[in-house]
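Input: a single structure, listed below in structure tokens.
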């Protein structure tokens, strides 16, 4: 009799535990569903302004009223934004750009001046080769975050990708003045001046770059061409001889040494 009572008690405890577990799981699923639903609202991307309310996803530049956002995020919102950035990066890495943009745009309504969110959006535009929209984001951020060297570099790169070389040069020079040892910036200054056929300035930055990488064949060849264009033929020949020391079978430099020697 006692065993029967214990058996019934165990069965009762089992069912109580089972129903409690079922209730708990249902409640968690319900809460998670509405949390996700609040983050991802399916709306037409083209109808939503992004970044600092200045970027149109149809890539048409518009002038929006500038505002300051002094809103302080709560700890819960900070945690949500941290998780959000992980999801955005995950979706973007898989090529789900529209999904990533939906998430970013929704959360920019909470913290529209958030640098990380805007940079992620600009990064997606770059992957889509929508350089103009990325340009708008960087310019807008610079109006709020003054003198940000990293933003100037990104803006300069976007200008270069659109072949706006004068604007790219202007911004890289700003960065170079603040950080003269930035190898990436010096490389871009050399390349842009070379493309603009400003061979004297190109030589200046090529020489700086070669201090770090003296065996860089591409830069040595650029240097030789700069000397040739400025009619410093002896110097050009010396650079081609240096290239031949590094690459004895470089036919271009071998031919250049012969042909330029005829003019001296």
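Reducing segment 247-264 and segment 123-160 to their Cα centroids gives an inter-centroid distance of 42 Å. Size descriptors for segment 212-260, from the alpha-carbon set: Rg then Dmax equal 9.8, 30 Å. Extension gain for residue 247 to residue 167 (0.36 nm times residue separation, less C-alpha to C-alpha distance): 25.2 nm. In nm, give the distance between the simple-model label positions of residue 129 and residue 143, each being 7 Å from the Cα along the Cα-to-Cβ direction. In this crude label model, residue 129 to residue 143 measures out at 2.9 nm. Which shape class, rounded, prolate or oblate, goes with segment 133-264 when its Cα gyration tensor gives a ≥ b ≥ c as root eigenvalues, a/c under 1.5 marks rounded, and past that a/b bigger than b/c marks prolate? Prolate, since a/c reaches 1.5 and a/b exceeds b/c.
Treating r as the C-beta distance of residue 178 and residue 212 and R0 as 22 Å, the FRET efficiency rounds to 0.75. Computed extension length for residue 90-residue 110: 5.1 nm, one decimal, from 0.36 nm per residue of separation with the Cα-Cα distance subtracted. Cβ crowding within 10 Å, taken as a proxy for footprinting-reagent exposure, orders 240, 176 from fewest neighbours to most as 176, 240.
Note: relative contact order over segment 155-206, using C-alpha pairs below 8 Å and six or more positions apart, is 26 percent. By other beta-carbon atoms within 10 Å, ranking 188, 161 with the fewest at the front produces 161, 188.
Taken together, the values in this text are just the output of simple stated rules run on the coordinates, not laboratory data. What you see is a predicted model, and the numbers here were worked out from it, not measured in a lab. With ideal geometry, Cβ positions are generated from the backbone for all residues, glycine too; neighbour counts draw on all protein chains shown.
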